Structure formats: structure tokens, C-alpha cells
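A.B. asks: Take a look at the following structure, please.
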Amino acid sequence: MPHSVSTPSETVPNATEPEMDEAAAATTAAENADSQQSEDADITMADDETPTTAATESDDKKTDTKEVKLEDLFPDEDSDDEFPSSSRPTQVKQEEMSSSPEFPSSPAEIGASLKASDPEVMRSFYQRLFPWRYLFQWLNHSPTPTNDFGHREFAFTLQNDAYLRYQSFPTSDLLRKDVLRLMPSRFEIGPVYNTNPRDRKTLRNLTSFKPLSKELCFDIDLTDYDDIRTCCDKANICNKCWQFMTMAIKTIDVALRDDFGFKHIMWVYSGRRGAHAWVCDKKARTMDDQKRRAIAGYLEVIRGGAQSGKKVNLRRPLHPHLSRSLDILKTHFQEDVLEEQDPWRSPEQAEKLLQLLPDRQLNESLRKKWDSSPGRSSLSKWADIDAVGKTGASKSLDARALLEAKQDIVLEYTYPRLDIEVSKKLNHLLKSPFVVHPGTGRVCVPIDTRSLEDFDPLGVPTVQSLLQEIDAWKEPEENSGKPVQDWEKTSLKPYINYFRAFVLTLMKDERDVKVKRERDDAEALEF
Amino acid sequence: MIRQDFNRIDPKRRNVLDHRKKQFADPAYKETQYPHRLNFYATPPTADITLEQFEQWAIDRLRVLAELEACSFRNKSPAETVAHMKPLLDKYLPLDSNSSPSTQLPLQRQKDHYSHFILRLAFASTEDLRRRFTRVETMLFRLRFQGDDTRERAAFVQTLSLDWEAVSDEERRELSSELAATAAAANFAGAKKNNAQAVEEETWCKVDWMRAPDLVEQRRVFLRGGKAYVPAREQQSMVVAEFTSRLERALELTARALPRLDEDDRLTPILNHLSKNFITPDAGYSSSSSIDGAEITARNIDTTLSAHFPACMSHLHRSLRRDAHLKHYGRLQYTLFLKGIGLSLDECLLFWRQSFHKITEDTFNKEYRYNVRHAYGDVGGDSNRRGGGYSPYSCQKILTEHPPGPGEAHGCPYRHFNLENLTGLLQGGMGVSDRGVLQGVKEDKENQKFHMACNRVFEHVHKVEIKRARDDGIMSASQLETIVHPNEYFKRSYLLKNLNSKTAPQSQSSQKKEEHDVKMEDV
Ligand SMILES: [Zn+2]
């Protein structure tokens, strides 16, 4: 789940500005908290950034005095990743975490019976399956360690929900070691900072600790489609509603490539009901917030919340990005929305459609027609609009306005619904690819856009099944002599291969650009 | 003499100058020529000016910038801003076009050039000041750019060597339908020409899309392969964006070079003075604007008055009640506010005495009484007493001066609280639980529009009354414009919540009374 970080100084719990925390100052317990916080500032709870140690008392107080909990207020989180456990987050000191390297049990016996979030399952997964090397190369943009990796923030969510920010590692091996020691249920990737995030407190002042670069990210979640999908709701998905994700990826991907000229775009399944995009081009990574906002604004079409009525109100003629999107989406609208979702079958549902149409008289005729044939399908109702319109049911009918309203409706029911906050901020954190979703056990695998339509979220391997596959693997008769890695024995293999190819192309481009830049730098004497 | 100080700014820059010097093969610095009215301020001044000019020019420019900032705080439209600024610009910073008969052109342009660079020195020291300076200088540039003679403007843009690539006729034909849609979509305000014709007549240029982020954000350009296709009339926004980004970079360089400026002790005090006085000039609040008929007493602060406090004062009041104490700047900010709402000196002393209930009479008299009296102009030097003490702090002052440190409760919660604590204050202290409003406040805060956040909360808390005041014509539009002073917040809140009582605004009171009577009959 992404965490919005407005400025680095705010995220360091009020060690520097204890007076700001009104509730904490109100209790004496909080004063202890303040002193401990400055030592433990790395450890904050998920979402509300409140120190967890001794502040529990004041923390409870705070919750009582609020009508609305902070984390409920701001919809910029990927609630896809909620944990089944509802226990209060508690902090566990790092030293208390078991760090003794127990001999791992056989993956099969682990895999069969245990929950995905079980420490033993996680240990085997991180030890035997997680593609550490490619993750490193992906973030480092070069085979030898650079600041792109070393100054990169990682954030761990531990098994007990404690949340550790500002972790950083010089090499992929140290990252792996710490992950095995702390066994986080998942981890997130943040920006590259101007200095090592672990050293941020040694800086003269906190404002000089600055994020420099991060991939441009997108987050799409099927819960944002709850008002238009009829097959499932909340955390549930099926292949019918996954089609919304397919169309969203198509639409955004082509805009990023054709319009903005980005090349290195990786889509990742979020493990349950959504997808993330990582745009990794160097030009994208170094964009400031203004440019990120520009892209977000360019791509955002659906506006307004539950109470806002018509959510798409576009100027005409349509901007080329929008007419292209409409071309991509209209077939999906017929097949995946009208036929599969059938969103306007009941009279109440049909009323929602009528509210989006501009002509009162036409609406009256349609309402009458539909009342007389209950259960009429959405497909027929959609066709009725033009058919009834042609009969002259409304004398004042403006054919152009009707056409435009219909286009707006197509977009309202198909255009990607982005969690746009994730894209606007350079310093947003986003869940790493290849971690395991603790609820479903599914691995957050990359989605190959060349065969996007074939992607089946329910067919994505779970960590338990993967561990069983390792054990069930038999050495082929003709041995190539090369040692076979564990991931190659499982159905994770195509995904890791895809990732590896993606990373290699990225590194190659980066190297070429670097050579060119060094040449340019040598010549230019900048003002 | 001042020349040296500019040259000390940055060794690199000096190199540039030295290089030029050689080029001109002239040991003396060449007088800067100003062929254009507009200026990107790429080259630092080289000629000597007097210390008096140095200070006066800077102050004049500052006046203009502060007023421009005030216009944006008040949400004035571009047209209103132009009208409002015209007399000020004519007086303090005139800048005529080449076609003008004025004989003052070189002097005007020199003043514009030098004053800009002097203020750079004054405002480079902190990130906050740099951001503010960039913002207002950009506003000034945009204002002048828009008002410039078309041909002279084009000639100026030519000199900027902005690597804009012209779109060839061939490419324009190839993309004619996309460009037509873009042009029309961007031009919704309505040229009636048909689109194909518009595309033909429009000259298009191609730039990296990152050079025109705001046009991209609004889909006012066509994008292909990372290039934005920009119609001629949108190019202004790119020139302005270029101005901003070059100034940002230049200011950072200046900031890094600043420590070396301390060598000249004649300039440092002037520069410090300049940056400290960058406050909105008319955001001051005269204490005469208290409300007729309202009972402003120490006793009423908790019961009726504090409901009308803005978040900053509400927080100070709650902190005071919680701790029975406030630190220096908190007392000052709060005392002046109370003075501004019309609390008399005696009542104010009573209020503080009662609030500090944990200390002895003796301590209070020794340590606190004097400060309150001083703030009211009851004691102190002649000028303090003549001036009636200090003025209540404006939002601008609260936002930019003395950010709160440990244990201090003053400042502006929208700026100085983290989001979580701000949300807590709004929910607990101000009774705001509406998600839309809180989300809006969050965005305002992220965009550093703290006064917008405060006004958003005000409008939410008073939405019923504002609607009525508007519908019934009780308060004019100017009485409802953006609040930029805590005392205005209080006053407006008080008036709005007492629309039915005798404290209605004087001017409309008779008319209001009639309406009031009619309503009584209806009941
Ligand atoms: Zn479904």
C-alpha cells in the first residue's frame, strides 16, 4: 500500500517538533514517547505515522477523540493489501525478531498446510524463489552497485504490522539478509534520496534530505469500479471484472508509449484485485512532482465521487488521446460491460443510465418502454436509445448532444479509474513486484502486455503451490549440466524470465544513455 | 562599487563576465544595452550604482511584488489584477515599449534589471523565500509579457534561444485531424473558425513535453513520442515556464554563493531589511474594525467568542486552557488578535491573569503584565504609544515569520502542523468532519496554499450563512472575498452567525431590518 509522504520532515515522528502533536503533549506518557521516538524513529506504524512504543496510551486517546480515523479519510491507499488480522499494530524491537537461521523445512510440507503469511512459508519464498538479483539490477540500472540502489528507500511491513521506513542497502545481498532476518510480510519501494536514507538524521537540517528520483507509478484497483461492476464487489474479483483491468492497462500503456514516449513500462499484478505500473525510463524517474501531476491530469478522465452524478464531462472535439481511448474501449463496452456486466437490467439500475442522458422527453419514452418489458437487457436498452430517438419521441432532441452523452457514458463505464495520488508524488511508496499478497498468497507477478488478454489473475501461482512445485520437480533425463535454480522448477519461471528480459533492456538503454551523457557533459560548460 | 558584489556571487558567472570582457577587448565593463522591454535576467548588472539607488530600487520593486502577491491571495482575476496593478507599476516600476515616445527607456530598464538582482540577493537565503520570490517574479513577468506589443514580444522570444522546433508543413498535413482536435479542444472559449482553417493558420512548434507541463495537464497540446505540439497562442505559457525554471536555478546558485556576500557589511543590513519586510502591505488590520454591538469581554471568550476563531487562534486558546500557559510568540500572536477583535486592555489583562492560574500575582505582574500593556501601546517608547502598540498579525506574517519551535503553539496550523495533527484539530477543535473538505485541505496543504485551506474551512463552517448573506444581498462580494487576516476571519464569522441580530453590517442595516420584519410575519 502506498504511503503518501508530504515532506521528509513530517514523516519523522515529532522528535523534532513534539509540540505539534497535541494529543501526545496532553499526556505525560507521551513525553517518554518523545525521547524514545528519537531513537526509534525508523519504526512507525503503517499509515498514521504515529510512534508506537510508549505512545500507545496517547494513541488510544487520539483515536477516541476523532470522529473519523485518518486512514479512512484519504483514499490514496491500496486497500488491496489489507491484512486479515485486525489486531492492533504493535512494535517489536528488531533484536527480538528471531534471527537464528533455522534449517528450513521441506517446502512441500510447508506449502501444503500453512497460510501464505506464515513465517516459514515466507522464509522459504524469500530464500528460494524471490528474484533478488533482477530486483537489484532493476533498481540499480547497472550490474555494479550505485546510489540508485544504495540510496533507495525500502519500507518493511512486519508480520505484526509494524512498519519500518527508511531502510536502505548497499547491495542486493544485504537487502536479502535483512529481509530474511525480519521476515516482512511484504515490502515497498520508495524513492532514491540525495543521501543514504539511514543517514538522514545526521544531516544539518532535515529539509536537506530530499527524494531525487523514482519510477512513475500507477495504481488501478477494482474496488474503484464497484459502482459499475455487478459480478463482484469489494475484495472479490472474477475474470469478468478483470476485463476492466485489461482495458485500463491497454489504454494507459498506449498513452504512455505513444504520447509520452516512454519505453520501459512494467505492469504488475497487485496480488488480489488490481495492477500497478512502473514506468522506469530515466526521464520518467527524474520527473519532479509538477511533471507527474501533468501526466496524471492528462490521463485522468473520471472525476467526482459517489455523489457527483455524471463523472465524465468532456469538451468537444475530443482530444486525440480521448478519441483513441474511445476507439480502444468501445468494443470492450459492448462485450465486457453491456453483455457481461449488464449494469442497467433492473429499473433502479436503468435510472442511473437515464440520469446520464440529456433529453427529458426521450427519457420519458425510454422509461415507458422499459417499464413494459421488465428484465430487458442492458444491451437492448443501449440500442433502444438510438432507436427511440429516431422515432421522434422528442421534438427537441439534439442528436449531437445525445451522441456526446453516449460517448461520455462509454468512457464512464470503461475508462481507467486511476488512484491518481500514487502517480502525482515522487516520494510515494509502492509495493515491490514479486512479493506475496498475504491475503491470497498470490505472487505479485509482472503482466506481459503482449498477451494481456490471456492474463488470468486467478491462475497466478500462490506461494504455497510454488513451494510444492519445487519438491515435485524431477530432473529431466537430458541434463544440460547447468544447475537449475529453484524458481526455474516452478510456474514462476515465465514471470521471472519476463522480468529479467525487461531489466536487461532497461540496463542496456541506461548504459547507452550514460555514455552519451558523459560525452555531452564534457563539452557543455553550463551556466 | 556595487558591481564587485555582484561579481562575487559566483565564480562561474565571473568567468562568463571575464570572458566577455576579453571579447570586447575593453578593460571597462560594457554598459548593458536593453534592446527589449522584457528581460529574462540572465546577465548580472555590471555598472555602478549608488547605495541609495540600491536600496530605493529594491524597495520599489518589492512594493510591486507584494501587491501582486496580495492580488493572488485575494483570488483576483487576471483582468482585475492588471487593472489593480497598472497605477502601481506606472509609479514604481514603469517599463515602456520601444515604440513609446518616452526618453526614460534605458533608465527604466536598468532599474528593472538591477532591482531584480538586488532582490535575488535578499531572497535567496531560504527555500521559502526563494519559492515566494520565484512565484511573484513569474507573476510580474507574465503580466508584462501579456501586455507587451506583439511584434516586440516575438522579437524578444527570438532572443531566448528556446530550442523550439517548427512543425513542418508536411507534418502538419499528416497530423491535421489530431492538431485540429487539439486546437479546438484548447480553444473552447470559442473561435468560430472551422477547425481545418484554424490548423492552417496556426503556427505550431514542437518541444519536449516536459517544457509545457501545464499545457499537457490540461490536454491543450497534442502529444506524440514525447513531443508536445504547441499552437502559437499557447507559447506564452512555455515562455513563462522557462522563465520560472531558469530563475529557480539561478536562485539556487545565488544561495550557494551568499555566504561570501557577508564580506560587504554595508549590504547585509539592507538585504536583511528587505527580506524581513516582504509582507503584504495592506494585509494589516486596524483595530478600529471591531464589531459594533458585540460584547467583547474576557468572560465571553470561552462562551461565545472562541467559536469564531480561525484554526490558529483556536489552537492557541486550547493550548492555553490545557497548559495554563503560552510561550512568548504564542502570547504575542494571541494578545494582538484579541486586541484586534476589540478586547480592551483591562479585559485583556484580566484574561491573561485568569488564564495563567498556576502562577502568583507577583510573577504575573513582573513577567507578563508589561508585555500585554506594551502590545496595546500603553507603555514603551513614544512611537509605540503613539502608534497604539503593535498591529495584529496578518496571515502572511504568521505564515512566514518565527516558525514555531518545541513547546510553542503559535503559527498557522495549516502550515506548521503535520497532516495528522491538522486533521485532528479540524475535527476536534473546529468540528469539521466532512471528507470532501478534509481532502481539499489536504490538497491545499500539499500545494502550499495555506490561506486557501483556511478559507475552505471557513466557507464550509459558514456555508448556510454565506448563502443567505449572498442571496439576501446582506454582504457584498467584497465583504466576502478571500480572508487573509485572522481578525477578518473572526469578524466575518461573527457577523455571519449573527445575521439576525443588531450586529449586522451597518450599511445594509435598514434594508435588512425590513426583511427581518417580513420574516417575522411569515412565522
Ligand atoms: Zn467479477
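The values are calculated or read from the model by the stated rules, or taken from the named source; none is laboratory data. From a predicted model like this one, the values you see are computed outputs, not experimental measurements. Using ideal geometry, Cβ is built from the backbone for each residue, glycine included, and neighbour counts are taken over all protein chains shown. These accessible areas exclude ligands, DNA and RNA; they are computed on the full protein's heavy atoms, side chains included. Shrake-Rupley method; radii C 1.70, N 1.55, O 1.52, S 1.80 Å.
A.B. asks: Compute the Rg/Rh shape ratio of the stretch B:387-433: radius of gyration over Kirkwood radius, all on alpha-carbon atoms.
C.D. replies: Radius of gyration over Kirkwood radius for the stretch B:387-433 works out to 1.07.
A.B. asks: Under a 5 Å amide H to amide H cut-off, with H placed in plane at 1.01 Å, what residues pair with B:LYS327 once short-range neighbours are removed?
C.D. replies: B:ALA409
A.B. asks: About the Cα centre of the stretch B:287-522, what is the dipole size in debye to 20, counting +1 per Lys and Arg Cβ and -1 per Asp and Glu Cβ, all else neutral?
C.D. replies: I would put it at about 480 debye.
A.B. asks: Mind checking the mean number of beta-carbon atoms from other chains within 10 Å of the Cβ atoms in B:410-419?
C.D. replies: 3
A.B. asks: On the full set of protein chains, 1.4 Å probe, figure out the accessible area of B:GLU242 and give it in Å² to the nearest 10.
C.D. replies: 30 Å²
A.B. asks: A further question on this structure: From the cross-link list A:LYS352/B:LYS497; A:LYS282/B:LYS445; B:LYS91/B:LYS206; A:LYS431/A:LYS474; A:LYS482/A:LYS508, which pairs have alpha carbons spaced over 31 Å apart?
C.D. replies: A:LYS352/B:LYS497; B:LYS91/B:LYS206; A:LYS431/A:LYS474
A.B. asks: Between chains A and B, what is the buried accessible area in Å², counting both sides, with a 1.4 Å probe and ligands, DNA and RNA left out, to the nearest 100?
C.D. replies: Using a 1.4 Å probe, the pair buries roughly 4500 Å².
A.B. asks: In addition: Regarding the stretch B:292-332, what is the average projected area of its C-alpha convex hull, in nm²?
C.D. replies: 3.4 nm²
A.B. asks: Something else: In square nanometres, what is the average projected area of the Cα convex hull of the stretch A:302-414?
C.D. replies: 7.1 nm²
A.B. asks: Sequence-distant or interchain residues sharing an amide H contact under 5 Å with A:ILE447, placed H: which?
C.D. replies: Here A:TRP267, A:VAL268, A:TYR269 satisfy the definition.
A.B. asks: In the stretch A:302-414, what percent of the accessible surface is made up of carbon and sulfur (1.4 Å probe, ligands and nucleic acids excluded)?
C.D. replies: Exposed carbon and sulfur together represent 50 percent of the surface.
A.B. asks: Also: Could you give me the ³J(HN,Hα) list for the stretch B:317-331, computed from phi with Karplus coefficients 6.51, -1.76, 1.60 and θ = phi - 60°, whole Hz, x at Gly and Pro?
C.D. replies: 5, 5, 5, 4, 5, 6, 9, 6, 6, 9, 7, 3, 5, x, 4
A.B. asks: Output the peptides A:276-287, B:440-451 sorted from most to least packed, where packing is the average of other Cβ atoms within 10 Å over each peptide's residues.
C.D. replies: Highest mean packing first, the order is A:276-287, B:440-451.
A.B. asks: Tell me the Kirkwood radius of the stretch B:287-522: reciprocal of the mean inverse pair distance over distinct alpha-carbon atoms, in Å.
C.D. replies: Taking the inverse mean of 1/r over all distinct Cα pairs, the stretch B:287-522 comes out at 18.9 Å.
A.B. asks: How many Cβ atoms of partner chains, on average, are near each residue of A:253-264 if near means within 10 Å of its Cβ?
C.D. replies: 3
A.B. asks: What accessible area per residue comes out for the stretch B:287-522, rounded to a whole number of Å², with a 1.4 Å probe?
C.D. replies: Heavy-atom accessible area per residue stands at 45 Å².
A.B. asks: Let me ask something additional. Hey, rough spin-label estimate for B:GLN448 and B:ASP208, points 7 angstrom out along Cα→Cβ, what's it come to in nanometres?
C.D. replies: Between B:GLN448 and B:ASP208, the label points sit 2.3 nm apart.
A.B. asks: Nearest 0.05, what FRET efficiency do B:ASN365 and B:VAL464 give at R0 = 56 Å with Cβ-Cβ as r?
C.D. replies: Using R0 = 56 Å, I get an efficiency of 0.75.
A.B. asks: In nm, to one decimal, how far is the B:THR303 label point from the A:TRP473 one, both placed 7 Å along Cα→Cβ?
C.D. replies: Going by the 7 Å Cα→Cβ label model, 8.1 nm.
A.B. asks: May I have the pair-distance distribution P(r) for the stretch B:100-141, computed from all Cα-Cα distances with 5 Å bins from 0 and rounded to whole percent?
C.D. replies: 6, 21, 22, 21, 13, 9, 6, 2, 0
A.B. asks: Quick one: which residues, 5 or more positions from B:ALA228 or on another chain, have an amide H under 5 Å from its amide H? H modelled 1.01 Å from N in the peptide plane, none for Pro or chain starts.
C.D. replies: B:VAL207, B:ASP208, B:TRP209
A.B. asks: Using the Karplus curve 6.51 cos²θ - 1.76 cosθ + 1.60 with θ = phi - 60°, work out ³J(HN,Hα) for each residue of the stretch A:405-420 in order, rounded to whole Hz, and write x for Gly and Pro.
C.D. replies: 4, 5, 4, 4, 5, 4, 5, 4, 9, 9, 5, x, 9, 8, 7, 6
A.B. asks: For peptide B:319-328, how many partner chain Cβ atoms fall within 10 Å of a residue's Cβ, on average?
C.D. replies: Mean shielding by partner chains, rounded to a whole number: 1.
A.B. asks: Still on this structure, I have one more. Zone of A:GLU453 (label point 7 Å along Cα→Cβ, backbone N under 16 Å): which residues in the stretch A:244-270?
C.D. replies: It comes to A:244-251, nothing else.
A.B. asks: Something else: In what sequence, highest mean first, do B:481-492, A:171-182 appear when ranked by Cβ atoms within 10 angstrom?
C.D. replies: B:481-492, A:171-182
A.B. asks: Highest mean first, what order results for A:310-322, A:386-398 on Cβ atoms within 10 Å?
C.D. replies: Going by the mean number of other Cβ atoms within 10 Å, highest first, we get A:310-322, A:386-398.
A.B. asks: Here's a follow-up. Under the classification rounded if a/c is under 1.5, otherwise prolate if a/b is larger than b/c and oblate if not, where does the stretch B:54-137 fall, given a ≥ b ≥ c as square roots of the Cα gyration tensor eigenvalues?
C.D. replies: oblate
A.B. asks: Here's a follow-up. Suppose every Lys and Arg Cβ carries +1 and every Asp and Glu Cβ carries -1, with no other charges. What dipole size does the stretch A:184-268 come out with about its Cα centre, to the nearest 20 debye?
C.D. replies: Roughly 580 debye for the stretch A:184-268.
A.B. asks: Sticking with this structure for a sec: Measure out, as a whole number of angstrom, how far apart the alpha-carbon centroids of the stretch A:423-455 and the stretch A:183-241 sit.
C.D. replies: Distance between centres, Cα-based: 11 Å.
A.B. asks: So what's the Cα pair-distance distribution over the stretch A:361-468, bin width 10 Å, in %?
C.D. replies: 10, 23, 21, 16, 19, 9, 1
A.B. asks: So what J values fall out for the stretch A:274-280 if you push phi through Karplus, 6.51 cos²θ - 1.76 cosθ + 1.60 with θ = phi - 60°, rounded to Hz, Gly and Pro as x?
C.D. replies: x, 9, 10, 10, 10, 9, 9
A.B. asks: Can you figure out the FRET efficiency of A:THR146 with B:LEU480, using R₀ = 41 Å and their beta-carbon distance, to the nearest 0.05?
C.D. replies: That gives a FRET efficiency of 0.15.
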